Structures are given as structure tokens and as C-alpha cells.
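Contents: one structure, followed by commentary.
The values are calculated or read from the model by the stated rules, or taken from the named source; none is laboratory data. In this text, all values refer to a predicted model and were calculated from it rather than measured experimentally. As a convention, Cβ positions derive from the backbone with ideal geometry for all residues, glycine included, and neighbour counts pool all protein chains shown. Note: areas computed on protein heavy atoms with side chains; ligands, DNA, RNA excluded. Shrake-Rupley method; radii C 1.70, N 1.55, O 1.52, S 1.80 Å.
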Amino acid sequence: MSDHLAEPARTAIEQCLRVGEDESLVVVTDDEREPIGEALYTAATAVTDDVTVLRYPPSEQHGTEPPAPVAAAMAESDVFCAPTTKSLSHTRARGSACEAGSRGATLPGITEDVFVTGLDADYAAIDDACDRVLDAVGDAEEVRVTSPAGTDITFGIGDREWLADTGMVHEPGDFSNLPAGEVFVAPETATGTYVVDGTMMPHGLLEDGRELAFEVEDGFVTSIGDDAIRADVEAAAEEVGDAAYNLAELGIGTNVGVEELIGSVLLDEKAAGTVHVAIGDNAGIGGETDAPLHLDGILRDPTVYADGEEVELPSP
């Protein structure tokens, strides 16, 4: 194992996941993220003897279900962690594992640089920032987001519950991304325009001045201002129809340790003071839509209003 991966791996295993000596842990990884998977395996073996690594070829799209044996192992373990090229966060496998009482963390698209820098964080400060944002938005019926790039979109929250991704995964069924730091919801509906000017796959960090505009009506994306993203959504729609166009998520970044966007959705969506909006699947975060993709786009310098009141967003 590379020495530079050892410390963040220990942080993940001992602090974030708090693996116990009598617990079982499964590390789910793929061919492209094997060094990080091995680092987590090694860190876990210092705590418990019941550790397994499962590796499979990378999926082509975020939100694709893993092989059935992987899903079964996740559900049967006490703890799972998943450093993978494509995200398992919004999959039935992940949701079913947590429903079965397993707790875990996904690290979608994680790179060694993001792993090292993103896990060097003050999780108490992230926890506090999540609490403050939840206090402001948790009971709102309607949330509006605007931005200098032209975003003006209103979300109807309905009965959906806001969730916090704090990085602390200590109780049965708990789940978090790592690196952590966001408050998010699967809104019941949304109408308006959002303009991504931060990070979005497949492009990574957008060049200065580049903006991707999305039109939304009654909870569905009706216009996508980018050929590559449109192609991804259209491909998913061939499988699941309109569900691919679902406006899936509204998220607010709360990681006060992230000072600039670097082109990793995993890290950039957590940046304090940003908002991210996603298309596609949200069944794993309190929504009702199953889709084989979940595409997050990050908005810089947003203003957020909860039932008309401006929300004070965290800052680095």
C-alpha cells in the first residue's frame, strides 16, 4: 500500500466508519480504484479480522447496479465501503444494504489526490454546518435557488425529508459519501432554470465562462444545454423512459474545508457555499424514481431562499 494512502484510510475506517473488532467489513472496488480499496482493506485489518475485498470491472454510468454477489455481500456485512469509478450511492444495492442494517460509505469517482485531501477534514465543523443548514431549510415547503450565471429554480419539497451527509457513519443503517459534507433532498417537484458553472460529468471542472443550462418543468428536465450530457440522459431514457429526466436532487455543500473546486464531483459537490442539482435516480435518497444514472451539476455563488427567507450558507 502506498504510504500516502495509509492515513486517510485510517481516518475512514476508524473515525468515519468506526469499525469495531467484532464487525465484518466488505470493501467494494473496481479495477481502476484498486489502490484505494487495498488501502482501506489494510487499515481495516488493523481493527478486525473479518475483512473482504470485492473487485469488479468499472461500470459505464453512475448509478448502475453492481453485480449481484457484490450487492449480497454489502447487505450481509456490518460495514461496507465502496471506492469505485462510478457511484453506487444511488443504487438499490446500497439502499438495500442500509435497510438490512449495514452501515457504509461510498467514494464514487475517488482519486488518490481527493482521497488524501478530502479526508483531511474537521468532521465536527462539517457536522455543525450541516445542522445549521438543516435548521434553515428543514421545514420549508418551497426552496428557491438563484445564481449570477442565470439560475432561477423553485423546488417543491412536499413531504420529502432533508438528509445530512456528515461523514459520521456509526449506527446501523447509516450512510455517507466520503469525502463528506452536504445537506440534500429529493424534491417532489421543481420548475425553472439552473445553470451549472462549476463541475459536471463528463466534463469535470468547467472552464471560466462555460455554462450548462437546464430547463425544468413540473419535476422533469425539458431542455439540456450540452450534447454529451443530453446523450447520456437519452441513453438512459431508452431503458427507463421519462424517469431519466427526473429532477432528482437539490443539495447544499457544507464541507468548510473545501476551498476551491477541483473537477471531482465527489469533492466539489461538498464545497461549502455551493449548490448542486442532479438529474435521474433518487430512490436511494427519499425519492421514488429508479434510473440508471444520477448526474450532479455544481452551481457557484448561489443564493438560497427557504419559504422566501434567505439562507445563510456555510463558507470555507
(request) Return the pairs, sorted by first residue and then second, in which the second residue is surrounded by fewer than 16 Cβ atoms within 10 Å (Cβ to Cβ), the first residue lies in segment 14-25 and is in contact (Cβ under 8 Å) with a residue 60 or more places away in the chain, the beta carbons are less than 6 Å apart, and the residues are 6+ apart or on different chains. (result) Arg18/His170
(request) Only residues that are open to solvent by 20 Å² or more (accessible area, probe 1.4 Å), more than 21 Å from Pro302 (Cα to Cα) and part of a strand (DSSP E or B): list them for segment 164-204, please. (result) Phe175
(message) Please determine whether any residue of segment 73-91 is surrounded by fewer than 17 Cβ atoms within 10 Å (Cβ to Cβ) and over 27 Å from Glu312 (Cβ atoms).
(response) yes
(request) Name the single residue, out of those in segment 213-243 being touching a Leu at 6+ places or on another chain (Cβ under 8 Å) and under 24 Å from Glu161 (Cβ atoms), that is surrounded by the most Cβ atoms within 10 Å (Cβ to Cβ). (result) Val221
(message) Looking at segment 225-234 only, could you name the residues that are among the hydrophobic types (A, V, I, L, M, F, W, C) and in contact (Cβ under 8 Å) with a residue 12 or more places away in the chain?
(response) Ala228, Ile229, Val233
(request) Return the residue satisfying two criteria in turn: it lies in segment 141-163 and is touching a Gly at 6+ places or on another chain (Cβ under 9 Å) and part of a loop (DSSP other than H, G, I, E, B), and of such residues it is surrounded by the fewest Cβ atoms within 10 Å (Cβ to Cβ). (result) Glu161
(request) Might you check whether a residue that is under 18 Å from Pro172 (Cα atoms) and touching a Gly at 6+ places or on another chain (Cβ under 6 Å) occurs anywhere in segment 38-48? (result) no
(message) Checking the structure you have, find out if any residue of segment 75-82 is polar (S, T, N, Q), outside any helix (DSSP H, G or I), touching a residue at least 40 places away in the same chain (Cβ under 8 Å) and out of contact with any helix residue (DSSP H, G or I) (no Cβ under 8 Å at 6 or more places or on another chain).
(response) no
(request) Go through (1) under 15 Å from Leu178 (Cβ atoms); (2) open to solvent by 30 Å² or more (accessible area, probe 1.4 Å); (3) touching a Phe, Trp or Tyr at 6+ places or on another chain (Cβ under 7 Å) and name the single condition Pro8 misses. (result) (2)
(request) Please work out which one of (1) in a loop (DSSP other than H, G, I, E, B); (2) over 17 Å from the mean Cα position of the chain (by Cα); (3) modelled with pLDDT of 95 or more is the condition Gly209 fails and give its number. (result) (3)
(request) Working only within segment 94-136, note down all residues that are in a helix (DSSP H, G or I), crowded, with 23+ Cβ neighbours inside 10 Å and of a type in the set (A, V, I, L, M). (result) Ala97, Ile126, Ala129, Val133
(message) Just the residues that are open to solvent by less than 30 Å² (accessible area, probe 1.4 Å) and not in a loop (DSSP other than H, G, I, E, B), please, taken from segment 34-70.
(response) Ile36, Gly37, Ala39, Leu40, Ala43, Ala44, Val51, Tyr56, Val70
(message) Take the conditions touching a Lys or Arg at 6+ places or on another chain (Cβ under 8 Å) and either part of a helix (DSSP H, G or I) or farther than 22 Å from Ala71 by Cα (or both) and apply them to Ala9. Does it pass?
(response) no
